Amino acid sequence: MCPMDVVWKAPDIPAVEYPSEAGAGLCPRGSALGELLASPYRIRGSVDIEAAAGRMAGGATVLINANLPLEEIAAAAEIVSAWNGVELCCVVSPEDEQLLLGIEAGGAVYLADDDLTGCDGFVVVGDVFAANPRCARNVMDALAHHRRAPLVVIDAGGSVTAKFATRRIICRPGDEADALIGDEVASAVEGCKRLGVIISAEAGRGGVWRRVGYHAGELAKSHGGGVSAQTVGANALAAVRLNKHLGLLSPAKALKQDNGTLVALGVDILGMMGWADVDVQVAAAALPNRTTESAQVVLPVALACEISGTYLQAGTKTVQTSALMLPPAGVPTVSELLRALAQAAGANVPPLGGDLPTTDRVNVPAPDITETKVPDGRVLIAARQAARHGEGSLTAYAEWQKQSSPLPEIRISQADAADLGLRDLAQIEVETESYKTIARLRIVKYISPGTLAISESYPEARRLMPYVIDAERDAIISNPTAVSVRTVEPVKAH
Amino acid sequence: MSEEVVKRILLDMDRCIECGSCSAACYYSHGAMPAVQSARQGPAMLPVICRQCKDAPCVAACPVEAMIRDEAGIVRRRLSRCIGCGSCARACPFGVLPNDVTRKQIAKCDLCADRTASGNGAVPRCVAACPAGALRFADENEVSAGNILILGGRTTGKDRFKRR
Ligand code: SF4
Ligand code: SF4
């Protein structure tokens, strides 16, 4: 977990400090948290429980976030089980959900970041160094120790990680699973006795991630190693397992079914999915986001770093975290909010049990082969960015992030840029069938012509390629999207 | 007064993953005036960090003695004196001082002297924040022991052509 410290610059002004002895860094997202803890945009004020509970009277689906500790998820599940007509889903990023289900099916060992240091070779899918900058140190330390260790990077998005590869497989979006089981990877890792397969599951690759997770497990097992999934939510694996063990709704079912009111507690579901026309009646958040902007009732809620609890790391290991600081006065946690809503609705909520639910591996079948539909012409996919996080609802409020990357970055190949007459770092209008926005162009070497990759942590970028629900496969999918780009001149100040 | 600092911040270009953590750490700990900024270097966006020159052109260029070498040898900017004229930025041969003068003053690396002055193994915040281990706070002995290559005052990785 993040080695972050909070210090008090003044009685009301928290700031992050960077412990010299941590030795494992603090990425820009962690750095921003210190600022967000005292953000002037923080949602506070009265908690209008009656109004929110009133909207849930005819039944509701409650969405919570996979960044919460196990105790909070378990408490939410217990409360909802005593509340008729209300169902719960712990929302995991759709790609992470599919990836983790694939790894679970493959039966592979999970590797924690520290375990990577002991590996003698790596196969990487996606931009893992941007997804989790801290895993870079473990990979580099391992490579420094085993000078001939391979670092094979399979990537469609022009990633930073690809620059470090000893062998690069620059694929088209959706071809990652085939690349993983291909001869090129097999020959590159021949002789590895402890192979680390590290994956960052990114949007715009269709339904490929379940297969990637499964085959990653097979590959790692055949070389005495394991798999490391660099997920967006810190408790994504626990959420995937608890959704199954506790009989909670899968994200696809939760968002597909018509079970009365949709309630999003601490999850910016509209920002995450790139949707504009879904009716979320009640939303709780620490800072305003796309979901609170459109909700009828907005409630305050604590940030994950304001709650202590347990996180599931690497399959079986758990780690305890303590709260960086307490939530502001009167701001409830998700479980406190849910309990108050249930009581206001007349549910008879028993006192919560103290035991944590099981987070054992779940039994899921091997995935089917799914073809990713890639439209003709240039296509847009998503890319991770080290400076920003997830759907961007928190980092959008951080000053350094706003200054250093005010616009999403869109990566393009040298060939495409030359063909379109586009300059590096130009301001670009990006248009798909569903949306149009402005981005900053980056010409990169390791991306195939015809593919453009845009930073995912901007709600505008996500609206360019909104997710679709695949009810048959119980999955939420984002496909590569046909895209056009053109230069726009910034408005000059006079 | 020391002639030059004993320890400098070194960037290992073979390890930098262009994450910007160093710049964010500097921003959040130096009143939103980050002295560590990323700049395009070939196909990469790498941090540019003050080299704490022995004969610092920025000190010589400053017309109001805001840029000085202090007792510990650190080239630093005295906030109360800086008039934001930008002479130091133009004089710096490595372009590490930002040309856009934030709040009419130049942002300047002081090696986080508030915490490194005491020794005790403390390192500047950018070094502590670097997740990839690309930044080091090292003296000359560590440089030679670590076989680190320093080219024309620039610190580089062991093999600057290996990756990019
Ligand atoms: S700012 Fe430039 S000229 Fe001044 S000490 Fe640093 S590197 Fe040298
Ligand atoms: S924190 Fe380290 S890896 Fe990240 S940009 Fe700075 S030097 Fe490079």
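List of remarks:
- Remark: the protein assembly as shown projects, on average over all directions, an area of 29.6 nm² (convex hull of Cα atoms).
- Nearest-ten-degree value, helix A:209-222 long axis tilted from longest Cα axis of chain A: 60 degrees
- For the stretch A:379-487, the carbon plus sulfur part of the accessible surface works out to 48%, probe radius 1.4 Å.
- Amide H contacts under 5 Å for A:R378, placed H, 5+ residues apart: A:V483
- Positive-end extreme of charge dipole, chain A - chosen from A:I412, A:I181, A:G260 (charges on Cβ): A:I412
- When only the Cβ of Lys, Arg, Asp and Glu is charged (+1, +1, -1, -1), the dipole of the stretch B:1-89 relative to its Cα centre reaches about 140 debye.
- Between the listed residues A:N348, B:A129, B:C92, the Cα displaced farthest toward the positive end of the dipole of the protein assembly as shown, a dipole computed from Cβ unit charges relative to the Cα centre, is found at B:C92.
- Simple rule: put +1 on each Lys or Arg Cβ and -1 on each Asp or Glu Cβ in the stretch A:1-95, find the dipole, and look at A:A51, A:C27, A:V91; the Cα lying farthest toward the positive end is A:A51.
- Accessible surface, per residue, of the protein assembly as shown when the full set of protein chains is kept, probe 1.4 Å, Å²: 40 Å²
- Legend: calculated FRET efficiency, A:E431 to A:D470, from the Cβ-Cβ distance at R0 = 25 Å, rounded to 0.05, equals 0.50.
- Beta-bridge orientation, the protein assembly as shown: approximately 50 percent antiparallel, per DSSP, counting only bridges with both partners inside.
- Dipole magnitude of chain A about its Cα centre (Cβ charges: Lys, Arg +1; Asp, Glu -1), debye to nearest 20: 860 debye
- Between B and A, accessible area buried - total, square angstrom, nearest 100, 1.4 angstrom probe: 2600 Å²
- Using the Cβ-Cβ distance between A:A329 and A:A38 with R0 set to 22 Å, the FRET efficiency from 1/(1 + (r/R0)^6) comes to roughly 0.95.
- Net charge of Cβ neighbours under 12 Å - reference B:E142; Lys, Arg +1; Asp, Glu -1: +1
- Integer Hz, Karplus 6.51/-1.76/1.60 couplings in order for the stretch A:448-464, x for Gly and Pro: 7, x, x, 10, 10, 10, 10, 4, 7, 7, 9, x, 5, 5, 5, 5, 5
- Residue by residue, the stretch A:68-73 carries 3J(HN,Hα) couplings of 7, x, 3, 4, 5, 5 Hz when phi is fed to the Karplus relation 6.51 cos²θ - 1.76 cosθ + 1.60 (θ = phi - 60°); x denotes Gly or Pro.
- Database remark: amide H of A:R442 closer than 5 angstrom to the amide H of A:I410, A:R411, A:I412, A:L425 (H placed geometrically; neighbours at sequence offset of 5 or more, or on other chains; Pro and chain starts carry no H).
- Placing unit charges on the Cβ atoms only, positive for Lys and Arg and negative for Asp and Glu, gives the stretch A:100-248 a dipole magnitude near 120 debye about its Cα centre.
- Close Lys pairs in chain A (alpha-carbon distance under 22 Å; sequence gap of 8 or more, or different chains): 11.
- With a 10 Å cut-off around each Cβ of B:130-139, the average count of Cβ atoms from other chains is 5.
The values are calculated or read from the model by the stated rules, or taken from the named source; none is laboratory data. All figures in this text were calculated on a predicted structure; none of them were measured in a lab. Please note: Cβ atoms are built from the backbone with ideal geometry, for glycine as well, and neighbour counts cover all protein chains shown. What goes into the accessible areas is simple: the full protein's heavy atoms, side chains included, and nothing from ligands, DNA or RNA. Shrake-Rupley method; radii C 1.70, N 1.55, O 1.52, S 1.80 Å.
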